[in-house]
Amino acid sequence: MKAVLVRPIVAVVGGSSCTAAEAQMAEELGRRLADAGAIVLCGGLTGVMESVAKGARDAGGLTIGILPGNDPWEANRFIDVPLATGMGEMRNALIVRAAGAVVAVGGGHGTLSEVALALRIGTPVAGLHDRFTGAVEMPRMETPAAASAWAIAQAAG
């Protein structure tokens, strides 16, 4: 019997450090995703990951963090389900594989690896003020509202 997803899973990827504007966008994106009924998946640490989880949690959503280390207590305080993998950066593949859609906010090399993996395996991925213009072809969203609507449509689809 095939499992039926009742709620879409959307991964939000981004740097462990970010600008105030990126943090604000990620937090709003998390709120909008939770309001739309999505489960928010991220790397579970600081920066964009913490901001998106805060937004989702504040809106009553469910947050999952796929952590690089062995200790689930490393997760930020807004993660409901911390999954400690002990896989380091290799956990990026789990994040983009588990998601129905991915949104990249800001980011550096780790985020770029997640975007590349998503593109390689066919997980829909878009940027929200990402730093990869000219390097990666993917849809670009101008606002958290647009990114949320796009991600929900892709993940539900």
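The values are calculated or read from the model by the stated rules, or taken from the named source; none is laboratory data. Small disclaimer: the values here were computed from a predicted structure and weren't measured. Methodologically, a virtual Cβ is constructed for each residue, glycine included, from the backbone with ideal geometry; neighbour enumeration extends over all protein chains shown. Only protein heavy atoms, including side chains, enter the accessible area calculation; ligands, DNA and RNA are left aside. Shrake-Rupley method; radii C 1.70, N 1.55, O 1.52, S 1.80 Å.
All conditions in (1) open to solvent by less than 10 Å² (accessible area, probe 1.4 Å); (2) assigned to a helix (DSSP H, G or I); (3) not aliphatic (A, V, I, L, M) hold for Gly127, with the sole exception of (2). Residues in the range 31-52 that are within 9 Å of the chain's Cα centre (by Cα) and in a helix (DSSP H, G or I): how many? Selection size over the range 31-52: 3.
When the residues of the range 66-113 are filtered to those that are free of Cβ contacts under 8 Å to residues at least 24 places away in the same chain and within 27 Å of Glu137 (Cα to Cα), the one that is surrounded by the most Cβ atoms within 10 Å (Cβ to Cβ) is Met90. Being more than 11 Å from the chain's Cα centre (by Cα) and not in a helix (DSSP H, G or I) is a description that applies to Ile79. For residues that are farther than 25 Å from Pro72 by Cβ and without any contact (Cβ under 8 Å) to a residue 40 or more places away in the chain, scanning just the range 114-124, find the one that is most open to solvent (accessible area, probe 1.4 Å). Taking the candidates together, the pick is Arg120. Within the range 130-157, the residues that satisfy the criterion of being outside any loop (DSSP other than H, G, I, E, B) and within 17 Å of Met25 (Cα to Cα) are Arg140, Met141, Pro144, Ala145, Ala146, Ala147, Ser148, Ala149, Trp150, Ala151, Ile152.
In the range 133-152, the residues that are open to solvent by 40 Å² or more (accessible area, probe 1.4 Å) reach residues that are aromatic (Phe, Trp, Tyr) with C-beta atoms within less than 7 angstrom, at least six apart or across chains, in these pairs: Pro139/Trp150. Candidates in the range 3-59 are the residues that are of a type in the set (S, T, N, Q) and farther than 12 Å from Phe78 by Cβ; of these, the one that is most open to solvent (accessible area, probe 1.4 Å) is Gln24.
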